[in-house]
Amino acid sequence: MAAATGVVMLLAAALAILAPSTRALDRAEFPPGFLFGAATSAYQIEGAYLEDGKGLSNWDVFTHTHSGNIADGRNGDVADDHYHRYMHGTESAHRQSPEDVEIMHSLGVNSYRFSISWARILPRGRLGGVNSAGIAFYDQLIVALLQKGIEPFVTLHHFDLPHELETRYGGWLGAGIREEFDHYADVCFQAFGDRVKFWTTFNEPNMMTRLTYMLGMYPPNHCSPPFGNCNSGNSQWEPYVAAHNIIMSHAAAVDNYKKNYQAKQGGSIGIVISMKYYEPLTNTTVDILAARRALSFEIHWFLDPIFFGEYPKEMREMLSSNLPKFTLAEKILLENKVDFIGVNHYTAIYAKDCISSPCDLNTYEGNALVFATGQRDGVQIGKSTALVGFYDVPEAMEQIIKYVNQRYENTPIYVTENGYSQHNSNSMEDMINDVGRVNYLRGYLSSISSAVRRGANVHGYFVWSIMDNFEWVFGFTVRFGMYHVDFTTQERTPKMSAKWYRDFLMGYAPLGEVQTLRADS
Ligand code: NOJ
């Protein structure tokens, strides 16, 4: 307990003394081979939701049956129409105007993080056949990227799964899904692994299981009081059962990759975790412990089993029999090491204890008995962004990298997501002149550069996102892209941030805080 308190106090102190960086930001500060890219996911950009043999996914069904749960009632049926617009030219069956791969190339990124749609590859899961058109699509995308010198960085599961598996196993609640995932991963390693050198099994399973089975916001909309009132579900144990199946699915895929593919294909495999940085709201022991608990439920929940074969102590104590236990066979499977950790980091937030005094527990951190707030004594932790609870706190990036390096055996880190959301606006000019995003990216990249100077084991950075896209329950109401997308015409227009990122990657980024730059400058 004392040691834990010490760690959190140390981190809090380090965070407090770090002023936002005013140093110039130079690509040359990053080690050679550092990956600089942008990220997307299948459901958020592809569209073509029923084309070329693709099966329905859980998100296809959810957005159609629960459109009231999506801020603008819309869905990813078309999204960015990326399926038809990833490249142009005669070599592609999917053609059209100069598009997404070209856009990435023009930015100068050397990597692109995207996810594969499971339902496009195995429309009915393991029991149906492989959809060759799905394989062909990703094949062509990978070839197009490599031709432009862009390294594919591939996620196997980014929230969407074949609807049939949702029905057959209750999604991640049924242990049978482990074999399904293992099979799906194997099909992908076999089909693409000769060219894909970076694999991640799951994207943000920690966030996904809480939003799915605790708060009931994601399909299939499961929850119970005090976390919400859904038609079915049990918020006290379902998130942990689902997480257990995900952890073991991850472990089986890693085991298979290491035994059967890694030596001949020469790639690496990891997992991506959503990581908020939690700072104690006050300097009291209870809030310091609350921040520790929040980090535990956020990060240690998935990474402790993967690294140490056991759930974190805080979770075992608080959840007792609601938290599954690892069998000996499971622990043995977990002994395979991941090659890297993917860190999705957007924000820091204050943690307030809810054990010593009551708070609203119907929140993301409610299961850790923590209330998260952006305000301390009326002062906000950082500038607001369009998503509630997401603040611009760049110095937390360095802290989270340091924390993960220290706790998890200095395993290499890739910052697999970091980005800034804007409100949808009627003014194109407002949306294109995204000064807030430029300042956000500059601040967070400076923080990574500072981590690098201090010896952090970090090897890559991906902006979320290359272009505006379908932001899950927020639909198209917020925009994360460096490229503006007109969702009627599908026209992509570079925002100021795209030009800023390109300039940074080419080695001549503007220095200091941006106040007045125009997109066309
Ligand atoms: C997390 C998710 O991985 C991604 O799908 C989402 O759009 C961004 N962060 C922004 O919320």
**OP:** Could you identify the single residue in 161, 173 that is of a type outside the set (Val, Ile, Thr), within 22 Å of the chain's Cα centre (by Cα), open to solvent by less than 10 Å² (accessible area, probe 1.4 Å) and more than 23 Å from residue 343 (Cβ to Cβ)?
**Re:** 161
Original post:
How about the range 271-288: which of its residues are part of a loop (DSSP other than H, G, I, E, B), within 15 Å of the ligand (Cβ to nearest atom) and under 13 Å from residue 365 (Cβ atoms)?
Top reply: 276
Original post:
Where in the range 417-515 are there helices (runs of 4 or more DSSP H), lying wholly inside it, with at least 1 residues that are touching a helix residue (DSSP H, G or I) at 6+ places or on another chain (Cβ under 6 Å) and at pLDDT 95 or above?
Top reply: 435-453, 496-506
**OP:** Starting from the range 140-153, take each residue that is within 17 Å of residue 39 (Cβ to Cβ) and modelled with pLDDT of 95 or more and list its partners that are open to solvent by less than 10 Å² (accessible area, probe 1.4 Å) and small (Gly, Ala, Ser), counting only C-beta distances under 6 angstrom and pairs at least six apart or across chains.
**Re:** 151/111; 153/111
Subject >> Filtered residues of the range 134-150 (kept if in a helix (DSSP H, G or I) and open to solvent by 10 Å² or more (accessible area, probe 1.4 Å)) >> reply: 135, 136, 139, 140, 143, 146, 147
Original post:
In the range 447-484, what count of residues is obtained for those that are buried (at least 24 other Cβ atoms within 10 Å of the Cβ) and of a type in the set (A, V, I, L, M)?
Top reply: 6
Subject >> Test set (1) open to solvent by 10 Å² or more (accessible area, probe 1.4 Å); (2) in a strand (DSSP E or B); (3) hydrophobic (A, V, I, L, M, F, W, C) - residue 343 fails condition number >> reply: (1)
Original post:
touching a residue at least 24 places away in the same chain (Cβ under 8 Å), in contact with a His (Cβ under 9 Å, 6 or more places away or on another chain) and surrounded by fewer than 24 Cβ atoms within 10 Å (Cβ to Cβ): does that describe residue 335?
Top reply: no
Original post:
Out of the residues in the range 309-330 that are touching a helix residue (DSSP H, G or I) at 6+ places or on another chain (Cβ under 9 Å) and assigned to a helix (DSSP H, G or I), which is least open to solvent (accessible area, probe 1.4 Å)?
Top reply: 315
Original post:
When you scan the range 321-355, how many residues do you find that are within 16 Å of the ligand (Cβ to nearest atom), more than 25 Å from residue 266 (Cα to Cα) and of a type in the set (S, T, N, Q)?
Top reply: 1
Subject >> Matching option when the condition is away from the ligand (no atom under 16 Å from the Cβ), in contact (Cβ under 8 Å) with a residue 60 or more places away in the chain and among the hydroxyl-bearing types (Ser, Thr, Tyr), among 449, 465 >> reply: 449
Original post:
If we scan the range 375-386, do we find a residue that is surrounded by fewer than 23 Cβ atoms within 10 Å (Cβ to Cβ), hydrophobic (A, V, I, L, M, F, W, C) and either part of a strand (DSSP E or B) or free of Cβ contacts under 8 Å to residues at least 24 places away in the same chain (or both)?
Top reply: yes
Original post:
Pick from 227, 202: which is more than 16 Å from the ligand (Cβ to nearest atom), of a type in the set (A, V, I, L, M, F, W, C) and either open to solvent by 10 Å² or more (accessible area, probe 1.4 Å) or outside any loop (DSSP other than H, G, I, E, B) (or both)?
Top reply: 227
Subject >> Unique residue being at pLDDT below 95, small (Gly, Ala, Ser) and more than 16 Å from the ligand (Cβ to nearest atom) when the list is 48, 24 >> reply: 24
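The values are calculated or read from the model by the stated rules, or taken from the named source; none is laboratory data. Remember, it's a predicted structure, so these values are computed and weren't measured experimentally. Please note: Cβ atoms are built from the backbone with ideal geometry, for glycine as well, and neighbour counts cover all protein chains shown. What goes into the accessible areas is simple: the full protein's heavy atoms, side chains included, and nothing from ligands, DNA or RNA. Shrake-Rupley method; radii C 1.70, N 1.55, O 1.52, S 1.80 Å.
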